[in-house]
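Peer 1: Quick one: this structure, given as structure tokens, is what I'll be asking you about.
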Amino acid sequence: MDYNKSYEAVILANGDYPTHPIPLQILHGARTVVCCDGGADRYIELGNTPDIIIGDGDSLSDENRTRFADILHHNPDQETNDQTKAVEFLITQGVEEIAIVGATGRREDHTIGNIALLAEYLKRGVRICSYTDYGIFIPCNGDNTFECKNNTPISIFNISAHGLSATGLEYPLYDFTAWWQGTLNRTTNEGFTISAEGEYIVFIAYDRL
């Protein structure tokens, strides 16, 4: 995995602010930073200036709502969350590759929802992944190969895939019907390949990268 790349756009969600060097590097190396509502408060508090703030405004401080009114894109839609609003906005701007940071923590239900939504964004034709303080979530479709060190912890979450198989992993894959069934795997050499028809999400931990 290349963790030194610069993304065209990075979304800072309103979960736990990143502390690991990798998501922080991804955030600070972005050409455009879109903050989800209240996620902007911590970003601004640390001396940064977002390019765009997007959401329904319910968790953004009154001070920053006034101070950054010119870059605030208010979206009151309650049928989706602020992370999705940010993704949809960037897609309308022609952005094709997006990284998300700060999408986990605080509330576990929000964390699960944000991770599951990655597969929905993939259907929109955008290349997207979510960096946490522990690893990276990558939504996938079909056959994919990943480079990482031997003995790296891996988990696979099946969304709609069938015919799941892999090389380079300790435990064989099959057509999981529950998310937990593909967790706690690990690589057996430098990288691994997954073959499948349909969508799934891969988690690759940092600690052995």
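The values are calculated or read from the model by the stated rules, or taken from the named source; none is laboratory data. All values reported here derive from a predicted model rather than from experimental measurement. Positions of Cβ are generated from backbone atoms using ideal geometry, with glycine treated the same way; all protein chains shown enter the neighbour counts.
Peer 1: Note down all Cβ pairs under 8 Å where the first residue falls in region 59-87 and is farther than 22 Å from Tyr121 by Cβ, the second is loosely packed, with under 15 Cβ neighbours inside 10 Å, and they're at least six residues apart or on different chains.
Peer 2: That search, which allows pairs on different chains as well, returns Ile71/Asp51.
Peer 1: One residue is enough: does region 134-141 have a residue meeting the conditions in contact with a helix residue (DSSP H, G or I) (Cβ under 9 Å, 6 or more places away or on another chain) and surrounded by fewer than 18 Cβ atoms within 10 Å (Cβ to Cβ)?
Peer 2: yes
Peer 1: Tell me the strands (runs of 3 or more DSSP E) entirely within region 95-209 that contain at least 3 residues that are over 15 Å from the mean Cα position of the chain (by Cα).
Peer 2: Correct list: 144-146, 153-158, 162-167, 192-197.
Peer 1: Another question about this same structure. Checking the conditions here, which among Ile91, Ile112 is in the same structural domain as Ala13 (by TED's automatic domain parsing), closer than 24 Å to Ile159 by Cα and exposed (fewer than 14 other Cβ atoms within 10 Å of the Cβ)?
Peer 2: After ruling out the rest, the residue left standing is Ile112.
Peer 1: While we're looking at this one, here's another question. For region 28-50, what are the residues that are surrounded by 20 or more Cβ atoms within 10 Å (Cβ to Cβ) and hydrophobic (A, V, I, L, M, F, W, C)?
Peer 2: Within region 28-50, Ala30, Val33, Val34, Cys35, Cys36, Ala40 meet the criteria.
Peer 1: Do we have any residue at all in region 11-26 that's hydrophobic (A, V, I, L, M, F, W, C) and in a loop (DSSP other than H, G, I, E, B)?
Peer 2: Yes, there is a match, as at least one residue in region 11-26 is hydrophobic (A, V, I, L, M, F, W, C) and in a loop (DSSP other than H, G, I, E, B).
Peer 1: Let me ask another. Could you please give the count of residues in region 27-69 that are closer than 19 Å to Ala9 by Cα, acidic (Asp, Glu) and not in a loop (DSSP other than H, G, I, E, B)?
Peer 2: Looking only at that region, the number is 1.
Peer 1: Could you list all residues from region 177-204 that are acidic (Asp, Glu) and either at pLDDT 95 or above or in contact with a Pro (Cβ under 6 Å, 6 or more places away or on another chain) (or both)?
Peer 2: Glu197, Glu199
Peer 1: Could you list, ordered by first residue, the pairs with Cβ atoms under 6 Å in which the first is in region 115-127 and assigned by TED's automatic domain parsing to the domain that holds Ile100 and the second is surrounded by 17 or more Cβ atoms within 10 Å (Cβ to Cβ) and in a loop (DSSP other than H, G, I, E, B), at least 6 apart or interchain?
Peer 2: Ala119/Ile159
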